[in-house]
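Peer 1: Handing you a structure now.
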Amino acid sequence: CLVECKHHNKPPKVGYARALLGVVSDERASKGVLVTTSRFTAATKALANRNRRLDLVDRRALVRLLNQYLGTDWPLKVDELVAEEARKHARADPKRTTDTVDVPVGRVGTVSKVMGAPDGERFRITR
């Protein structure tokens with residue numbers, strides 16, 4: 001499963017969903033999940049309805065998921081978890097250059113944060 005996150009005030013355009021589906025296909029992933037801190041356009045929702053390999057998570061659903069799996073104090077935990085994992089990677093191999101930080105998230109699995117990705121941050125979830 002590949003997850004792409006968009007931190008926008010306005011709904012991300014359908015092109016982001018189409019691009020994610022292209023990556024899902026190219027990477028032979030089972031599914032793509034587009035997450036936004038906003039909402040989705042009608043065109044993006046229609047694309048997801050036509051394609052079972054695309055899931056959409058809007059702001060409300062995202063907050064529900066974060067509360068469910070990380071607890072209501074999750075805003076404090078996210079930065080702490082990412083920073084802790086980055087420190088572990090740096091201690092394990094100071095010369096290693098990596099573009100991902102893997103963060104264990106309880107029963108959800110592991111979230112890999114791809115650092116410096118263009119057009120927003122990308123995450124890969126493994127279970």
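Peer 1: Please give the number of the condition residue 122 fails out of (1) at pLDDT 75 or above; (2) within 14 Å of residue 4 (Cβ to Cβ); (3) touching a strand residue (DSSP E or B) at 6+ places or on another chain (Cβ under 9 Å); (4) open to solvent by 60 Å² or more (accessible area, probe 1.4 Å).
Peer 2: (1)
Peer 1: Related question: Which pairs turn up if I take residues in region 15-26 that are under 14 Å from residue 51 (Cα atoms) and open to solvent by 70 Å² or more (accessible area, probe 1.4 Å) and look for partners that are in a helix (DSSP H, G or I) and not charged (D, E, K, R) with beta carbon separation below 8 Å, at least 6 apart in sequence or on another chain?
Peer 2: Note: pairs meeting the criteria are 18/47.
Peer 1: Right, next: In region 42-58, how many residues are crowded, with 17+ Cβ neighbours inside 10 Å and part of a helix (DSSP H, G or I)?
Peer 2: Going through region 42-58 one residue at a time, the tally reaches 3.
Peer 1: Name the residue, out of 39, 18, that is part of a helix (DSSP H, G or I) and not β-branched (Val, Ile, Thr).
Peer 2: Details: 39 fails: part of a helix (DSSP H, G or I).
That would be 18, the only listed residue that is part of a helix (DSSP H, G or I) and not β-branched (Val, Ile, Thr).
Peer 1: Residue check, residue 97 against (1) more than 21 Å from residue 2 (Cβ to Cβ); (2) modelled with pLDDT of 55 or more, all met but one. Which one?
Peer 2: (2)
The values are calculated or read from the model by the stated rules, or taken from the named source; none is laboratory data. Predicted model only: the values in this text are computed from it and were never measured. As a convention, Cβ positions derive from the backbone with ideal geometry for all residues, glycine included, and neighbour counts pool all protein chains shown. Ligands, DNA and RNA are excluded from the accessible area calculation, which covers all protein heavy atoms including side chains. Shrake-Rupley method; radii C 1.70, N 1.55, O 1.52, S 1.80 Å.
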